[in-house]
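Accompanying notes for the structure given below.
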Amino acid sequence: MNLYKYAAPVNFYPLAGKLIPWFAIPAAILFAAGLYVGFFVAPTDFQQGDAYRIMFIHVPAAWMGMFLYVLLAFYAAIGWAFNARLASMMASSIATTGAMFTFLSLVTGALWGKPTWGTWWVWDARMTSTLILLFLYAGFISLQASIDDPRRADRAGAVLAIVGVINVPIIYFSVQWWNTLHQGATIRILGKPSIAPPMLAAMLIMLAACWLYSVAVVLIRLRCIILEREQNAAHLAEVPV
Amino acid sequence: MSLSEFLSMGGYGFYVWGSYLVSLIAFAAELVSLSRRKKALAPQPKHKPVIRGSITNETTS
């Protein structure tokens, strides 16, 4: 089997269609499982009471916002460097979902901040840099929408996306670099996580669900983009010269 | 634990359920807009052009 043929949007289209249920169905199951563990198994926090349960959607949403941005920039760069249409389409497809998760992380963060910090919003490093991430997504989407020629739109978007990647480590390390109101990382790559096992389990299950959801939704949108961009080409190919 | 106890979330009900409600709306909005976008792209039924009479480039004399 020649895997390279799937780099062509027309060939990837049916494959993407077959892959979608393999992500969508487990996503639905894991959302249900994660919410069950989060609300019925995980105990009440001794400091924050039940307000901490916002974490099960807030932390996965914030992570997805960052991960998806890096993925977007990666695909945009591949699409730009190798002139690969499918990679650029993937970047465009990721943007909406990434923006949605970043928006959610800000809104759920505000709803968590009000009862625990006493304020909806402060201009601290983590929140400000996350807001900038949302603006980067919005800038990418509107820049692409403002350029008629899709390949030129891809290139312009790629420049913005790649420059904007610098913001992701700033968000990630902001709680260490600056003295902020936002709490530090709950889960560290090295060392023990600082929360009870059922809390951690609920959060990781929700994160997995968000990943699977993102893949499914991005593939569905990618199929729309392929049709929107390439069906005209297909029509033109049929016009006799 | 009673239902009202569960819904009150130790007094944080508004914030906890508000977060999950906003999330639900965001996920649903994305899925609905995506399904609309998909529907708009569904192949339209093809109508073969019906040509009445004959059309030629030549002028009749």
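The values are calculated or read from the model by the stated rules, or taken from the named source; none is laboratory data. Quantities reported herein were computed from a predicted structural model and do not represent experimental measurements. In this analysis, Cβ positions are derived from the backbone assuming ideal geometry, glycine residues included, and neighbour counts consider all displayed protein chains.
Some observations on this one:
- Flag if A:Thr116 is touching an Asp or Glu at 6+ places or on another chain (Cβ under 7 Å) and either over 21 Å from A:Thr97 (Cα atoms) or assigned to a helix (DSSP H, G or I) (or both): no
- The number of residues in region A:10-38 that are touching a residue at least 24 places away in the same chain (Cβ under 8 Å) and over 22 Å from the mean Cα position of the chain (by Cα) comes to 2.
- Some residue of region A:44-64 being surrounded by 20 or more Cβ atoms within 10 Å (Cβ to Cβ), under 28 Å from A:Arg229 (Cβ atoms) and touching a helix residue (DSSP H, G or I) at 6+ places or on another chain (Cβ under 7 Å): yes
- Filtered by the rule that a residue be surrounded by fewer than 16 Cβ atoms within 10 Å (Cβ to Cβ), of a type in the set (D, E, K, R) and part of a helix (DSSP H, G or I), region A:132-154 gives A:Arg151, A:Arg152.
- Annotation: A:Ala87 fulfils all but one of (1) surrounded by fewer than 20 Cβ atoms within 10 Å (Cβ to Cβ); (2) more than 23 Å from A:Pro60 (Cα to Cα); (3) of a type outside the set (Lys, Arg); the unmet one is (1).
- Scanning region A:126-144 for residues being modelled with pLDDT under 95 and of a type in the set (A, V, I, L, M) gives a total of 1.
- Yes/no for A:Ala24 being in contact with a Leu (Cβ under 8 Å, 6 or more places away or on another chain), in a helix (DSSP H, G or I), at pLDDT 95 or above and small (Gly, Ala, Ser): yes
Residue-wise test of (1) outside any helix (DSSP H, G or I); (2) without any contact (Cβ under 8 Å) to a residue 24 or more places away in the chain; (3) farther than 30 Å from B:Val32 by Cβ; (4) within 12 Å of chain B (Cβ to nearest Cβ).
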site: A:Val59; (1), (2), (3), (4): no, no, no, yes
site: A:Val70; (1), (2), (3), (4): no, no, no, no
site: A:Ala73; (1), (2), (3), (4): no, no, no, no
site: A:Ala77; (1), (2), (3), (4): no, no, yes, no
site: A:Trp80; (1), (2), (3), (4): no, no, yes, no
site: A:Ser88; (1), (2), (3), (4): no, no, no, no
site: A:Ser93; (1), (2), (3), (4): no, no, no, yes
site: A:Gly98; (1), (2), (3), (4): no, no, no, yes
